[in-house]
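Down below is the structure, laid out as C-alpha cells.
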Amino acid sequence: MMLKIKRVPTVVSNYQKDEADEGRRAGGCGRNCLNKCCISGAKLPLYAFKKQNNSSGDKGFSGHEKQEAPVAFLDSLLLGEWEDRMQKGLFRYDVTACETKVIPGQFGFIAQLNEGRHLKKRPTEFRVDKVLQPFDGSKFNFTKVGQEEVLFQFEASEDGEVQFHPNAPIDVENSPSVVAINVSPIEYGHVLLIPRILESLPQRIDRESFLLALHMAAEAGNPYFRLGYNSLGAFATINHLHFQAYYLAVTFPIEKAPTKKITSLDVGVKISELLNYPVRGLVFEGGNTLEDLSNSVSDACICLQENNIPYNVLISDCGKRIFLLPQCYAEKQALGEVRAELLDTQVNPAVWEISGHMVLKRREDYDEASDENAWKLLAEVSLSEERFQEVNTLIFGAIACGGDDGNANLLEDPDVKPHSHEEVNAINKSSRHAILSGTQECLVLQ
C-alpha cells in the first residue's frame, strides 16, 4: 500500500545557511530573526483558541458544540501556510519526494525512505546522558530562525472566543507561543510548536506548555494530525522547549495496540499499559476536563525528568489519548549493548519511530523493511519489564502527589498502591542504569 500526499513544487532552501554566511537584511542583526534584536515592531498572524475546560461527555472536552473558527485551523491556516513556505523554498529538502509505504504484516508499520535528512539536519549540541540541562543561548535555538519560518502565533483567547488576526503585533513582554515549520521535515505539514519562545525555556515539560500542546491537537480536530515530544536523551536534538507535529492519513501501529487498564484517577483519567507492542509504555485518556488529562500526563513527565529518565510522548486522537514512553536506546548505545546491524541503520528511535513511523536513511533498509525488522529495532528502545514497573512506581507516586499545587489525584483502583518516600528512594538507587535520584516535592499519599 503506497500512500499518496499532496505534492507542491519546492526547491532546496536558500535560507538554510550557516549563520555567518546568511544574507544581511536591514535592521537588528540582519537575519530578521525572532530574537529581541529583530522582533521589535514585527507582526505575525495570531490564532487565539477558546479554552476547552468543561466536562468531556460525548462531544469531546468542550462539552458543547464547537464554535466555528474564523479560519480553518488545520486545512487553511497550518497546512496552507506550510505549503506556502514550501513553495518559497524554505525547507532543506523536498519531503514530498520521499518514498513511503505501509509494511505488510500484523502491525502495519509505516516506512519512509529519507536518505538526506541525517546529512542536512542540525547536529545535537548537548550531552545525551542528562534529561535536564540548562538553556544555552550560544547554541542553536528557535529565536535564531528567520521570521519567515513562523506560520502564526498560537495563544488562548482573552475573551473566550476563537479569533484570528492575520497581522498581529508580537507581544515581546508576554513571550508568545508560535508555530513554525520544521526545516528538516519527515512528513507533510511537519511543524514545531514552541511555547513562550522568548523565555528561552530548555527542553523540559511543564504543565502550562503541555496543556498548550493538547489545545493545539484539539483545535486541529483531526486524528491524523498528531503532536510528539522527545526529551533530551530520547533524541531531542535542540535544547529549546518544543513539540513536533505533522499530518499523516494512516493509523499508527501504537494507536492500534491493545491496552490493559491499570488504574483511574479521581479526575476521570484512565491509565493503561500497552500490550503486544515492542516498546512498553503508558496510555492516558479521559478526564473531566482537558486540563485534568494534561496535568496527569505532565506530572508524570516531570517525574521522569527529575529522575533523569529519557522519554517520548505521542499526543493522539485530537488530544484525547496520550502515550508516555520511557526509553533507554541512547543509554544502551553508550554501553555498547545495541547490535551492530541496528546501529548500521543510523535510525535514532524518537517519538515517531516508536509510534510506528520508521524514517529510514538507507535504500537497503527501506527495501527490506518488515514487521520483524521494525520490532527488533523498537525492542531495543524499551525498558525491561522490571525496570518499567520501577518507573511506573515513581510515576504513580508523582501523580498521587498532584503536582506542585498540592492537589492530590487519588488513585481509585486498589491494584496500584503508591509507595512511601523511602521506597521511592530505594527504587531510584536500585535501578540498573541511568535512573538518578530526583527531588520529591511532597510525600506520596498512603
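Based on this model, can you work out whether ILE186 counts as closer than 18 Å to VAL313 by Cα, open to solvent by less than 10 Å² (accessible area, probe 1.4 Å) and modelled with pLDDT under 95? Steps first, answer last, please.
Numbers: closer than 18 Å to VAL313 by Cα: yes; open to solvent by less than 10 Å² (accessible area, probe 1.4 Å): yes; modelled with pLDDT under 95: yes.
Yes: the conditions hold for ILE186.
Taking the options HIS242, HIS215, name whichever one is under 25 Å from VAL359 (Cβ atoms) and either β-branched (Val, Ile, Thr) or at pLDDT 95 or above (or both). Walk me through it before giving the result.
Values: HIS215 fails: under 25 Å from VAL359 (Cβ atoms).
That would be HIS242, the only listed residue that is under 25 Å from VAL359 (Cβ atoms) and either β-branched (Val, Ile, Thr) or at pLDDT 95 or above (or both).
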Residues of region 118-142 classified as farther than 19 Å from ILE302 by Cβ, modelled with pLDDT of 65 or more and within 18 Å of the chain's Cα centre (by Cα), total: 4
Helices (runs of 4 or more DSSP H) fully within region 317-371 counting 1 or more residues that are among the hydrophobic types (A, V, I, L, M, F, W, C): 329-334, 340-343, 351-355
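The values are calculated or read from the model by the stated rules, or taken from the named source; none is laboratory data. Keep in mind that this is a model prediction, so the values were computed, not measured. Note that each Cβ is placed from the backbone with ideal geometry, even for glycine, and that neighbours are counted across all protein chains shown. Keep in mind that these areas ignore ligands, DNA and RNA; they rest on the heavy atoms of the full protein, side chains included. Shrake-Rupley method; radii C 1.70, N 1.55, O 1.52, S 1.80 Å.
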